[in-house]
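Working notes for the structure below.
The values are calculated or read from the model by the stated rules, or taken from the named source; none is laboratory data. As the structure is a computational prediction, the values presented were derived from the model and not from experiment. Here the Cβ positions follow ideal geometry from the backbone for every residue, glycine too, while neighbour counts run over all protein chains shown.
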Amino acid sequence: MSVATASPTRPAVEMLGIQRHFPGVQALKGVDFRVRAGEIHALLGENGAGKSTLMKILAGAERKDEGRILLDGEEVRIGGPTDALEHGIATVYQETSLAPHLSVAENLFIGRLPTTAPGVVDWRELRRQAAQVLERLQVPLPLRARVSELTIAQQQMTEIAKALSHRVRVLVLDEPTSALTETEIAELFRVLRDLRAQGVAIIYISHTIEEILELCDRVTVLRDGELVGEREVSTTTADELVRLMVGRPLVEMFPKEPAPMGEELLRVEKLRVRGRQTEVSFSVRAGEVLGFAGLLGAGRTALMRAIIGAIPVESGTIYRDGKPVRIRNPQGAIAHSIGYLSDDRRRSGFAGLLSVADNLSLASLPQFSRVGLLRRGDERRSAEAMVRTLRIVTPSIDQRVALLSGGNQQKTVLGKWITAGVQILILDEPTRGIDVGAKVEIYRLINRLAKQGKAVILLSSYLPEVLGMSDRILVMRRGAIVAEFKRGEATQEDVMFAATGQHPNAQAQGGTSR
Amino acid sequence: MTDTQTAHATAGQAAIEQGEPYRRLWLRRVLQQLGPFLFVLALGAALTIASPYFLTGTNISAVFVQMSVIAIIAVGQVMVIITAGIDLSVSTVVALSGVLSTMVVVNDHWSIPLGMTVGVLVGGGVGAINGLLVTKVHLPPFIATLGTLSAVGGIALLITNGQPIAAPTSFDTLGDGHVGPIPVPIVVMAVVAAVGWFILARTTLGRSAYAIGSSYETARLSGIRVNRVLIAVYLIQGLLAGLGGVIVASRVVTGDPSAGANYNLDAIAAAVIGGASLFGGEGTVIGGLIGALLMELISNGGDLLNISNFWQDFILGVVIIAAVAYDQVRRRALEKR
């Protein structure tokens, strides 16, 4: 079990000058990060600020280009996840890495089960050791239960217990509370405070500011791959943290050109997604770009997928051009001229083994065929034109989409919906993971679509993007729309306060709450 | 987390755009198509040198007749595999189709063309059931068709009491007849291959099948009627297995409830040797034909050179493993980019 050897003030972990470069993105620009033993240290930043990359480097899941990692003052090499564990660094990710069909006890000691003879598990010893670990956590987990039978909170505790069963000195938690209830969060905090008292260095990744203020001792803020501030929690305020986090002014990156607004194209009334408790209402007009802001898991993607019939709707009505419609599946949505660009481009955006041309026509096959026979001439001409218009960089329209760069893949997916000629286009994180140049091109396309009288619904976790491109911004939190802002009315702080449920001053509630 | 993963993937792709010349991509794709074909040519050349009997009209004709049933079934199997599915039921469908088509002719005095049609349609029926099990009951294709494999085999044995049914000699046209100088099975194979190629390359059904195999969710969110496409594909495979069964019965003029034992894995092997990927999204009819031809050449050459059947099985196994290993390596290279 873990014994912290360092004095409480000396850093247990020092990451110095860490750089990581991805094509088109400098994910980390020489970050220094220090965590002491026996403290809970928050790592704060927007999506894409570099938090996860930094922690993956520490966990050995990602390599660094430059920089050094010191544990208790000694430089260490972390070549892979096993190295990290051997150095006592354990990470609890958002998705658990447990084996669902095995028991809690087995999961705790998987890969190093105690044995009586080679290959024969000593079950009694296993349960004794497992009980010992849980004793330290003061959490009553059913040792014999299968992990799949546990609640999410219990699974997370199992993950933490598993980390502790190694000799852990540094425990990293990546957004651990996103799926927990209030009581479960309180329980988690108690456990983390206990561990802190035992001298473990805890790194707590979150963008819920109230949690950080409640739980943590110090906080490091990253923005765009750079360290922008390190504060003692006792001397900082929510205001200051949000400003540090979003800080930068709206740069010229967002070439928003307002388009004339027309009729209402889509209205959603009291829509409840199956399995959710909240109802959502909103509408969008021709020529309008409607932004949806919110943290990951706020329910935006589920809402949109429900609207296009990809997941079931419990209740509520969708009006298209003022008339109520029932959309049962994605082809129904397309029939009503609604397209959805998925947030997971690899899994549900493009078909990687198919060519650029085949991907571009994928949502318009009826348009490019007669009695089921493809009109390949039309299809290819349309694809050639789309590749030119969107400036998709590809050696030919016959190139497989899997072989294009992220930005060109995304342009191809967007081109698919433009080819389909939909009137309402839902863009879910359209610029995630693509380089800056391609981002700006996608923003220009959004402008052009709006000018053509289409309605664009823009979902983004990247605040400057939603603020920069939208005519109107809705903020979602825990499945509900909690604020609405007109263009220019809101600052990043306002939106972030609404999205995190943090309202330090009355101004932040300036929008109409629903 | 996802953004760094994507960024990671983007790394390789950007490298391609900047570094890898298009020529090499093109060459790689041609090699994928041509690899097995060149192997067939090489094997053919070697056999021509090794045996004076190989490159004779009779022998070549025999090779094509021998491969025809597997090739016909392989065309369907290619389609199923393209959707990232598999159909294990074809071998007992061959048996049931042969048994039923001879049975209605012998017992119920139906005309021979009608009997043969019954055989084909029964195959289609089993295919449709497979399709429904996969789409509506959400069974994995492997399990669904493993189930129908056994169930259909049971039916074939039940209705015949396990005894072969002797058909009238005129039942032999499909298997033994000729169109001009060309044996009928070869003609049927050519027609099936042409239609199969057309479906895959020129119809929305074919395009949808590739899309589903490459990314099911993408296809679904793009408005493709994924269930319909999958049912159609399994139905086609069933019809082709039924047709194969009728040809087999016609060739031996018997409805044998235990016929077709090897067709299952042979058809899958042919598809895979020809470049169809069991992960879906890739495969061609011409590849399936080349795969079937390669397998037949191994067997034919083995016979001509007096290599024992045991060795032939061994060699075939090595070829299958080599072909799939090649596919895997190629795929991993593709994913790394």
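Side notes on the structure shown:
- Residue within segment A:429-442 that is crowded, with 20+ Cβ neighbours inside 10 Å, more than 14 Å from every other protein chain (Cβ to nearest Cβ) and closer than 22 Å to A:Ser283 by Cβ present: no
So that you can scan it fast, the table gives a plain yes or no per residue for (1) among the acidic types (Asp, Glu); (2) farther than 18 Å from B:Leu38 by Cβ; (3) surrounded by fewer than 17 Cβ atoms within 10 Å (Cβ to Cβ); (4) within 14 Å of another protein chain (Cβ to nearest Cβ):
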position: B:Ile268; (1), (2), (3), (4): no, yes, no, no
position: B:Gly275; (1), (2), (3), (4): no, no, no, yes
position: B:Leu294; (1), (2), (3), (4): no, no, no, no
position: B:Asn300; (1), (2), (3), (4): no, yes, no, no
position: B:Ile307; (1), (2), (3), (4): no, yes, yes, no
position: B:Val318; (1), (2), (3), (4): no, no, yes, no
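- Within the option set B:Arg220, B:Arg228, being within 14 Å of chain A (Cβ to nearest Cβ) and exposed (fewer than 15 other Cβ atoms within 10 Å of the Cβ) holds for one residue only, B:Arg228.
- Members of segment B:39-62 that are outside any helix (DSSP H, G or I) and either free of Cβ contacts under 8 Å to residues at least 60 places away in the same chain or within 17 Å of B:Gly288 (Cβ to Cβ) (or both): B:Pro52, B:Leu55, B:Thr56
- Among residues of segment B:193-237, those that are assigned to a helix (DSSP H, G or I) and of a type in the set (S, T, N, Q), counted: 6
- In the set (1) surrounded by fewer than 20 Cβ atoms within 10 Å (Cβ to Cβ); (2) in contact (Cβ under 8 Å) with a residue 12 or more places away in the chain, the condition left unmet by A:Val120 is number (2).
- A:Thr412 vs. criteria among the hydroxyl-bearing types (Ser, Thr, Tyr) and touching an Asp or Glu at 6+ places or on another chain (Cβ under 9 Å): no
- Scanning segment A:386-414 for residues that are hydroxyl-bearing (Ser, Thr, Tyr), out of contact with any Phe, Trp or Tyr (no Cβ under 9 Å at 6 or more places or on another chain) and either farther than 17 Å from A:Arg345 by Cα or more than 8 Å from every other protein chain (Cβ to nearest Cβ) (or both) turns up A:Thr389, A:Thr394.
- Considering only residues in segment A:415-425 that are more than 11 Å from chain B (Cβ to nearest Cβ) and assigned to a loop (DSSP other than H, G, I, E, B), the one that is surrounded by the most Cβ atoms within 10 Å (Cβ to Cβ) turns out to be A:Gln423.
- Only listed residue being at pLDDT 90 or above and closer than 21 Å to A:Val466 by Cβ, chosen from A:Val246, A:Val228: A:Val228
- The residues of segment B:186-220 that are in contact with a strand residue (DSSP E or B) (Cβ under 6 Å, 6 or more places away or on another chain) and either of a type in the set (D, E, K, R) or more than 15 Å from A:Asp358 (Cα to Cα) (or both), listed by number, are B:Val187, B:Arg202.
- Selection of helices (runs of 4 or more DSSP H) fully inside segment B:108-192 by the criterion of at least 1 residues being in contact with a helix residue (DSSP H, G or I) (Cβ under 9 Å, 6 or more places away or on another chain) and modelled with pLDDT of 95 or more returns B:112-135, B:141-160.
- Residue in segment A:62-83 that is within 23 Å of A:Pro176 (Cβ to Cβ), under 24 Å from the mean Cα position of the chain (by Cα) and touching a residue at least 12 places away in the same chain (Cβ under 8 Å) present: yes
- Of the strands (runs of 3 or more DSSP E) contained entirely in segment A:313-374, those carrying at least 2 residues that are touching a residue at least 40 places away in the same chain (Cβ under 8 Å) and either among the hydrophobic types (A, V, I, L, M, F, W, C) or farther than 21 Å from A:Leu427 by Cβ (or both) fall at A:313-320, A:338-341.
- Of everything in segment A:300-342 that is hydroxyl-bearing (Ser, Thr, Tyr) and surrounded by 15 or more Cβ atoms within 10 Å (Cβ to Cβ), the residue that is farthest from the other protein chains (Cβ to nearest Cβ) is A:Tyr319.
- Residue list for segment A:192-209, restricted to those being out of contact with any helix residue (DSSP H, G or I) (no Cβ under 7 Å at 6 or more places or on another chain) and assigned to a helix (DSSP H, G or I): A:Arg193, A:Asp194, A:Leu195, A:Arg196, A:Ala197
Residue by residue, here is whether (1) in contact with a Gly (Cβ under 7 Å, 6 or more places away or on another chain); (2) free of Cβ contacts under 8 Å to residues at least 40 places away in the same chain holds:
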| position | (1), (2) |
| --- | --- |
| B:Pro140 | no, yes |
| B:Ala167 | yes, no |
| B:Pro181 | no, yes |
| B:Ala193 | no, no |
| B:Ser208 | no, yes |
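- Comparison of B:Val94, B:Val75, B:Val65, B:Val99 shows that the only residue that is over 21 Å from B:Gly177 (Cα atoms), touching a helix residue (DSSP H, G or I) at 6+ places or on another chain (Cβ under 9 Å) and assigned to a helix (DSSP H, G or I) is B:Val75.
- Among residues of segment A:375-386, those that are crowded, with 22+ Cβ neighbours inside 10 Å and either of a type in the set (A, V, I, L, M, F, W, C) or assigned to a loop (DSSP other than H, G, I, E, B) (or both), counted: 2
To keep it simple, each residue is scored yes or no on (1) under 19 Å from the mean Cα position of the chain (by Cα); (2) surrounded by fewer than 23 Cβ atoms within 10 Å (Cβ to Cβ); (3) more than 14 Å from chain A (Cβ to nearest Cβ).
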| site | (1), (2), (3) |
| --- | --- |
| B:Leu174 | no, yes, yes |
| B:Pro181 | no, yes, yes |
| B:Ile186 | yes, yes, yes |
| B:Phe198 | yes, yes, no |
| B:Tyr234 | yes, no, yes |
| B:Gly238 | yes, no, yes |
| B:Gly244 | yes, no, yes |
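- Close pairs from segment A:273-299: first in contact (Cβ under 8 Å) with a residue 60 or more places away in the chain and under 13 Å from A:Leu474 (Cβ atoms), partner charged (D, E, K, R) and buried (at least 23 other Cβ atoms within 10 Å of the Cβ), Cβ under 7 Å, at least 6 apart: A:Phe292/A:Arg300; A:Gly294/A:Arg300
- Filter pass, B:Ser214 being among the polar types (S, T, N, Q) and at the interface with chain A (Cβ under 7 Å from one of its Cβ atoms): yes
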